[in-house]
Number of protein chains: 2
Amino acid sequence: MNALLTSSQRQLVRVISTSGPLSRTEMAQMLGLSKAAMSGIARELIDLGVLHETETVYGQGRPSVRLDLHPECAFFVGISLLEDPAPMILSDLNGRIIARRAMPLSRDPNVIADAITESLPDLLKAHPDAKEKLSGIGVALSGFVDETQSNCVQSTLLNWQDVPLARIIRERSGIDTFIENDAKAVAVSEKLFGSAREIQNFSVVSLGDGIGCAHFIDGKLYRGNHGGAGEIAHCTIEPGGAPCRCGKRGCLDTVSSMKAIKEVSRAEGLECTSLSDIEHEASTGNAAAIRILHRAGSALGLAIANLIQMNDPGMILITHVEGSFDGLFGTVVNQAIETNVLPRYAGQTPIRIKRVDGDVWARGAASIAAHNFLIGPNSN
Amino acid sequence: MNALLTSSQRQLVRVISTSGPLSRTEMAQMLGLSKAAMSGIARELIDLGVLHETETVYGQGRPSVRLDLHPECAFFVGISLLEDPAPMILSDLNGRIIARRAMPLSRDPNVIADAITESLPDLLKAHPDAKEKLSGIGVALSGFVDETQSNCVQSTLLNWQDVPLARIIRERSGIDTFIENDAKAVAVSEKLFGSAREIQNFSVVSLGDGIGCAHFIDGKLYRGNHGGAGEIAHCTIEPGGAPCRCGKRGCLDTVSSMKAIKEVSRAEGLECTSLSDIEHEASTGNAAAIRILHRAGSALGLAIANLIQMNDPGMILITHVEGSFDGLFGTVVNQAIETNVLPRYAGQTPIRIKRVDGDVWARGAASIAAHNFLIGPNSN
DNA sequence: GACACTAAGTTCAGAAAATGAACAAATCAA
DNA sequence: TTGATTTGTTCATTTTCTGAACTTAGTGTC
């Protein structure tokens, strides 16, 4: 259905999806078209059910009518391969989750494709509308994905090397499928549906067992020359520090990831199984806990400060699954950012913290499909 | 003249300027146009003197004729405000320097504008062709420039704050003028004329008294949200290290800039006035010299490695005015990059070293004008 | 060297898309 | 109620692009 749109129609969809609801006149200006041309294109898209009229804005003169994407003109499935069982969601064009299922995780791409295909009818059961307008499947995974969003170049977690997962799923299910790295998927979902809608340049730092990061630059996801942009976890933060599983030493990952924090705690004899536990110990004055959180927070803050210095983003979004950022750890991170950023720019880059639930990855995955529907793969 | 081009014509110019000479058929494919449309557009541009036919490529079937920009269809003036006297060059569309002058440097934008305007006739004297087709003036300076490439937001060297230099020069001279930060100007000139023509993502690190850096991302100069992208010089590289003039501590600038290296050498009692001197001392076994170069090289290498980790560029271009990269310093830099980059990616990012002469900044400045002529200011 | 074969580039009628100008519609302000 | 103002529509006209047939300039083969 998306392929049936003319290039002007696609442009219009793109503008609305990045700028939100707009009047016909505003869009005409943004696209450099005449009001006459806009009028026609808008009507076509309304007739196709892609756009619909929303609020009326009153000012001087005839009020303008904002057009927005019809949230139910397309539906998407998102699957996260980061947990077992793998969460699976059905979302509309606004990123709203409509249905939720889970499927067993596997390392065999064929098994995954089959599991997805078999789970689809159940996921879509109560939603005949979505069944008909299902426009794409997105998959989030830990690893590197190439720029076609079709091949997984490498994944340690899944033990993959050049697996054309999207193609396999596409063949089994018959539905347009795209895969993406976990952090990059979250960045896309924040850009489409979240707090970054109007920000052209921002970076997402996702804090969990590992540390992920993704950049949006000039309104586009930036994946780098080998798909490795955002590999902040393996920035050297303590030269000559502890060996990392990547082969080098002193990576941020060895200091500030939840996994690292917990391991160091255990090594120091703390009986803690979660960040909250350690935070609690620290608040009661446990020197080891304080030291650990301080070290982890300073390292993460320094890495983020360096990121700000290098790329000058308009926002840093830190997402975390575990614990909270109100304790010592969060305080130290913020402090470290402040002290390591050019004083001239200190406080200029908003740092937003977002506690995310178990749906993030699946929602991110769905947003990859949505992005391909709205913006297209090559962003031309 | 540029404003007279239709949007298709501009697109074509843009494609050629980024991809080099192409046949009509190739361009038709790249722009998604029919051969018929291309034929017409190409003829128009040839008639206008913007394009010309170059080599003929023989294959199966009728040979294709590559079209390229006519190097003499536009000329540009570039001025560097980094030295006194300020170098001033005249270049063609290939970046070839045709004439060279110098003018006295001033901190008063009006005086600069007058000096440029007065120097122009002399610069253009022997080149009536260039006089007629002069299409823009570019100015490179040390400091922050806004995204319109018209205002200098801040310059420590020139002691400026929000100076609309481009507008002033434009008014005096009557010629389209754009200004740019020094490192960013060099990056643009490398993209247009240098070794980065076909690379979409790369970073330039310019090593001189200070350390500058600029990123090209997805084929575009990336300036960041506040124009501060590439401020690698003030990444914290030695936490808690020596105080920097920026107000914080341990910045790369305090360790690896030529100024810092020389200052530390002097403080350590070495009688050295240039990098070559220190390199020479090191090669004769002077422990202090070795230590200084090692520290500076490791720091710069680490910063570049972090840059590679974060942005995964397709190339790093290190430009340096002074000394050479064949000695200890260069070796240590390369080593530090290797050891601090994910082993998986080690050696994957080409590091090119370029010794630049006194023309770099003025040539970079001219390329800013050329870029605005070829690609346009907003890159739509 | 004649012949088919291939692919580049051109031509031109016709289709598609965008424009400009006039106009209808919906509100505010007085 | 009237005028001002701005949105959005309509339609004839212009601009731009396409498709298909054609010309051109080579290669490869016998």
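Against the main long axis of the alpha-carbon atoms of chain A, helix A:328-340 sits at an angle near 80°. Cα centroid separation, region A:225-262 to region B:99-134: 52 Å. Relative to the longest principal axis of the Cα atoms of chain B, the long axis of helix B:258-267 makes an angle of roughly 10 degrees. Axis of helix B:287-311 versus longest Cα principal axis of chain B: the two differ by about 40°, to the nearest ten degrees. Bridging of residue B:259 to aspartates and glutamates at a Cα separation below 12 Å is possible for B:209, B:322, once same-chain residues fewer than 8 apart are set aside. From the convex hull of the Cα coordinates of chain B, what is the mean projected area in square nanometres? Average projection, Cα convex hull of chain B: 21.3 nm².
Please give the average number of partner chain Cβ atoms lying within 10 Å of the Cβ of each residue in B:333-344, rounded to a whole number.
Values: counts 0, 0, 0, 2, 0, 1, 5, 8, 7, 11, 5, 8.
Neighbouring Cβ atoms belonging to other protein chains average 4 per residue here.
Mean-square fluctuations from a GNM of chain B, with a 10 angstrom spring cutoff on Cα atoms, peak among B:240, B:230, B:301 at B:240. Of the solvent-accessible surface of the protein assembly as shown, computed with a 1.4 Å probe over protein heavy atoms with every protein chain present, carbon and sulfur atoms account for 49 percent.
Using helices alone, what [θ] at 222 nm do you get for chain A, with -39,500 (n - 2.57) per DSSP H run of 4 or more residues, divided over all residues and rounded to the nearest 500? Intermediate values should be presented prior to the final figure.
Working: 13 runs with 151 residues, N = 380.
Calculated at 222 nm, the ellipticity per residue is -12000 deg cm²/dmol.
Distances, shortest first, from the label point of residue A:128 to those at the same position in the other copies read 8.2 nm; the point lies 7 Å along Cα to C-beta. Neighbours of residue B:21, meaning other residues whose beta-carbon lies under 13 angstrom from its beta-carbon, give a summed charge of -2 when Lys and Arg score +1 and Asp and Glu score -1. Gap in Å between the Cα centre of region A:181-224 and the Cα centre of region A:1-67? Value for the Cα centre distance between the two parts: 27 Å.
Projecting 7 Å from Cα along the Cα-to-Cβ direction, the label point of residue A:108 sits 8.2 nm from its equivalents in the other copies, listed shortest first. Between region A:306-320 and region B:280-344, how many Å separate their Cα centres? Using only Cα atoms to place each centre, the spacing works out to 26 Å. Cross-link reach is defined here as a Cα-Cα straight distance under 22 Å, omitting same-chain residues fewer than 8 places apart; for residue B:133 the lysines meeting it are B:125.
What is region B:2-69 by shape, rounded, prolate or oblate, if you read a ≥ b ≥ c off the alpha carbon gyration tensor as root eigenvalues and call it rounded for a/c under 1.5, prolate for a/b larger than b/c, and oblate otherwise? Cα axes put region B:2-69 in the prolate bin. Share of pairwise Cα-Cα distances greater than 51 Å in the protein assembly as shown is 17 percent (whole percent). Highest mobility in the GNM of chain B, judged by mean-square fluctuation with C-alpha springs under 10 Å and restricted to B:214, B:336, B:287, is found for B:287. Between the amide H of residue B:151 and those of B:146, distances stay under 5 Å, these residues lying 5 or more places away or on another chain, with hydrogens modeled in the peptide plane. Taking all protein chains as they are arranged and a probe of 1.4 Å, the heavy atoms of residue A:213 leave approximately 10 Å² accessible to solvent.
Peptide A:310-322 has a mean shielding of 4, counted as Cβ atoms of other protein chains within 10 Å of each residue's Cβ.
Can you give the accessible area buried between chains A and B, summed over both chains, with a 1.4 Å probe, in Å² to the nearest 100? Write down the numbers at each step before the final one.
Values: alone 17360 and 17360 Å², together 31000 Å².
Approximately 3700 Å² gets buried when A meets B.
So what is the relative contact order for region A:2-69, in percent, with contacts set as C-alpha pairs under 8 Å and at least six apart? About 34 percent, as a whole number. Using the 1.4 Å probe convention, the accessible area of chain A works out to 41 Å² per residue with neighbouring protein chains retained. DSSP bridge analysis restricted to region A:126-284 gives an antiparallel fraction near 75%, rounded to the nearest 5. Residue B:43 sits among other residues whose Cβ lies under 12 Å from its own Cβ, and their net charge, with Lys and Arg +1 and Asp and Glu -1, is -2. For a straight C-alpha distance cut-off of 18 angstrom, the lysines reachable from residue A:184 (same-chain residues fewer than eight places away being disregarded) are A:220, A:354. Within region B:95-202, DSSP assigns beta bridges of which about 50% are antiparallel (rounded to the nearest 5). For chain A, what is the percent of antiparallel DSSP beta bridges, rounded to the nearest 5? Among the beta bridges of chain A, antiparallel pairing accounts for roughly 60 percent.
In the protein assembly as shown, with Lys and Arg counted as +1 and Asp and Glu as -1 at Cβ, which of these residues, B:60, A:97, B:343, has the Cα nearest the positive end of the dipole, that is, farthest along it? After comparing all options, I get B:60.
Work out the mean other chain Cβ neighbour count within 10 Å for the residues of A:206-218 and drop it here as an integer. Don't skip to the answer; put the middle values down first.
Values: counts 0, 0, 0, 0, 0, 0, 0, 2, 0, 5, 0, 9, 6.
Taking the mean over all residues of the peptide, I get 2.
Excluding residue A:284 itself, calculate the net charge of residues whose Cβ lies under 15 Å from the Cβ of residue A:284, where each Lys or Arg counts +1 and each Asp or Glu counts -1.
Values: positive: A:291; negative: A:271, A:277, A:279, A:281.
It works out to a net charge of -3.
The charge dipole of region A:2-69, taken about its Cα centre with unit charges on the Cβ of Lys, Arg, Asp and Glu (plus for the first two, minus for the last two), comes to roughly 180 debye.
The values are calculated or read from the model by the stated rules, or taken from the named source; none is laboratory data. Owing to the predicted nature of the structure, the values given are computational and were not obtained by experimental measurement. Note that we place each Cβ from the backbone using ideal geometry, even for glycine, and neighbour counts take in every protein chain shown. Ligands, DNA and RNA are stripped out before the accessible areas are found, and what is left, the full protein with its side chains, is counted by its heavy atoms. Shrake-Rupley method; radii C 1.70, N 1.55, O 1.52, S 1.80 Å.
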